[in-house]
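The values are calculated or read from the model by the stated rules, or taken from the named source; none is laboratory data. Bear in mind that the values here come from a model prediction, so they are computed numbers and not experimental data. Every residue, glycine among them, receives a Cβ derived from its backbone with ideal geometry; neighbour counts consider all protein chains shown. Note: areas computed on protein heavy atoms with side chains; ligands, DNA, RNA excluded. Shrake-Rupley method; radii C 1.70, N 1.55, O 1.52, S 1.80 Å.
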Amino acid sequence: MKELQLSDACAVALGAGILGTGGGGNTYLGRIWLETEFRARNVSCRVIEADEVDDSAVVCAIGTMGAPTVGIEKIPRGDELENTVRVLESHIGSSFEAIIIGEIGGANALKPLICALQMDLPVVDGDGMGRAFPELQMDSFAIGGLDLSPLALGDCHRNQVVLHSVSGPVQAERYARNLTIEMGGSTALAMPMMTGHELKRTLIRKTLSLAKALGETVLEAREVGKDPVERIIDLTQGQVLFRGKITDVERRTTRGFSRGTMKLAAFGDPEDHLEIHFQNENLIAYRNGRAVCTVPDLITLVEVENGEPIGTEMLRYGLRVAVIGMPAPVELKTPEALAVVGPEAFGYKNVPFQPLPGNLL
């Protein structure tokens with residue numbers, strides 16, 4: 001894949017929603033924004049491999065920060081991403097040579113493409129998560145030892161903040177989260193910047209290609225009347241954890257996150273139930289009281305009829321869904337990574353990580 005065009009936007013958005021595990025931002029709104037940029041500029045988005053970036057080049061990851069529930073209520077102005085990147089470039093006195101996807105899940109997979117179109121820069125095929133996670137320190141860049149500062153945040157009122165230096169990734173998350181809350185619950189985020197050498201060492205590769213392939217296989221299944229869930233499983237080495245109906249949702253927006261639980265009852269057997277806990281993203285699934293899938297493995301809900309992914313901000317009673325478990329990328333299953341993205345990192349101290357078979361990539 002050397003470029004993305006307007007005709008690819010739907011597939012990439014669909015695949016990013018599947019990889020988003022419920023979070024990363026609403027892909028419908030993200031797709032509309034991306035399609036608008038494609039039409040306005042009448043150009044393609046250049047996509048390059050990590051090995052095409054010079055070791056000495058400076059690149060930067062792009063995304064947004066905030067609760068998904070805020071993202072569907074607070075429509076962006078449209079120039080937040082580019083403005084935030086520009087202020088970071090001004091701060092360091094240098095221009096970036098490529099855009100990196102901070103997380104391939106949800107609309108945060110689409111916003112770097114938007115920013116790349118606005119700035120006429122290429123996008124690297126890969127990201128820092130292989131999915132979506134709720135906190136800044138939970139990516140392969142921070143896990144790999146990169147400094148997350150300096151970083152920049154910007155809002156729809158053109159307020160911009162640069163954090164020149166922070167003591168570590170967790171501190172960066174805390175400062176940026178509090179600033180995001182003060183800036184209306186949703187901000188553009190430029191972070192981390194890195195050299196091409198650091199990029200090659202820490203990037204989870206080919207995830208943009210995977211998102212596109214996932215979307216295309218679901219769209220093809222719809223056209224020919226096949227089960228899209230089976231197509232998703234085939235492509236990701238995943239498995240169906242549950243099929244049923246959502247019977248209850250408890251959700252609240254607190255301290256910049258959408259937190260809560262959902263309950264599902266199996267088709268034909270109301271005594272067979274599943275409970276999923278989420279913090280922006282789906283974190284852990286309990287079937288009849290037993291943990292059957294946990295972070296960093298992916299837990300995604302899709303509509304049974306068409307394979308449409310369902311974000312945590314769109315959960316509601318009565319939805320008929322398939323719950324899919326997908327193995328995490330190998331980069332997220334090292335001891336160093338599990339200390340940051342495993343169940344214990346989210347407060348589940350008595351739930352060990354039992355990896356699903358295989359690897360996402």
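The table below gives the values:
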{"quantity": "Filter result (among the polar types (S, T, N, Q) and buried (at least 18 other Cβ atoms within 10 Å of the Cβ)) within the range 160-193", "calculated": "160, 180, 186, 187"}
{"quantity": "Subset of the range 246-255 [open to solvent by 70 Å² or more (accessible area, probe 1.4 Å), over 16 Å from residue 319 (Cβ atoms) and in a strand (DSSP E or B)]", "calculated": "252, 253"}
{"quantity": "Spans of helices (runs of 4 or more DSSP H) in the range 1-83 with at least 3 residues within 20 Å of the chain's Cα centre (by Cα) and modelled with pLDDT of 95 or more", "calculated": "9-19, 27-41"}
{"quantity": "Answer residue from the range 205-230, given it is among the hydrophobic types (A, V, I, L, M, F, W, C) and either free of Cβ contacts under 8 Å to residues at least 40 places away in the same chain or out of contact with any Lys or Arg (no Cβ under 9 Å at 6 or more places or on another chain) (or both) and is nearest to residue 330 (Cα to Cα) among those", "calculated": "210"}
{"quantity": "Residue within the range 106-119 that is basic (Lys, Arg), open to solvent by 10 Å² or more (accessible area, probe 1.4 Å) and within 14 Å of the chain's Cα centre (by Cα) present", "calculated": "yes"}
{"quantity": "Filter result for the condition that a residue is touching a helix residue (DSSP H, G or I) at 6+ places or on another chain (Cβ under 8 Å) and assigned to a strand (DSSP E or B), over 284, 276", "calculated": "284"}
{"quantity": "Flag if residue 243 is modelled with pLDDT of 95 or more and assigned to a helix (DSSP H, G or I)", "calculated": "no"}
{"quantity": "Matching residues, the range 134-175, being among the acidic types (Asp, Glu) and assigned to a loop (DSSP other than H, G, I, E, B)", "calculated": "135, 139, 147, 155"}
{"quantity": "Neighbours by Cβ (under 6 Å, 6+ apart or cross-chain): first from the range 128-139, among the acidic types (Asp, Glu); second in a loop (DSSP other than H, G, I, E, B)", "calculated": "139/128; 139/129"}
{"quantity": "Leading residue by the ranking (nearest to residue 291 (Cα to Cα)) among those in the range 331-360 that are open to solvent by 80 Å² or more (accessible area, probe 1.4 Å) and assigned to a helix (DSSP H, G or I)", "calculated": "344"}
{"quantity": "Residue within the range 290-303 that is touching a Cys at 6+ places or on another chain (Cβ under 7 Å), of a type in the set (Gly, Ala, Ser) and surrounded by 15 or more Cβ atoms within 10 Å (Cβ to Cβ) present", "calculated": "no"}
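Let's see how each residue does on (1) at pLDDT below 95; (2) closer than 24 Å to residue 21 by Cα; (3) in contact with a Leu (Cβ under 7 Å, 6 or more places away or on another chain):
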position: 108; (1), (2), (3): no, yes, no
position: 125; (1), (2), (3): no, yes, yes
position: 130; (1), (2), (3): no, yes, yes
position: 170; (1), (2), (3): no, yes, no
position: 181; (1), (2), (3): yes, yes, no
position: 188; (1), (2), (3): no, yes, yes
position: 196; (1), (2), (3): no, no, no
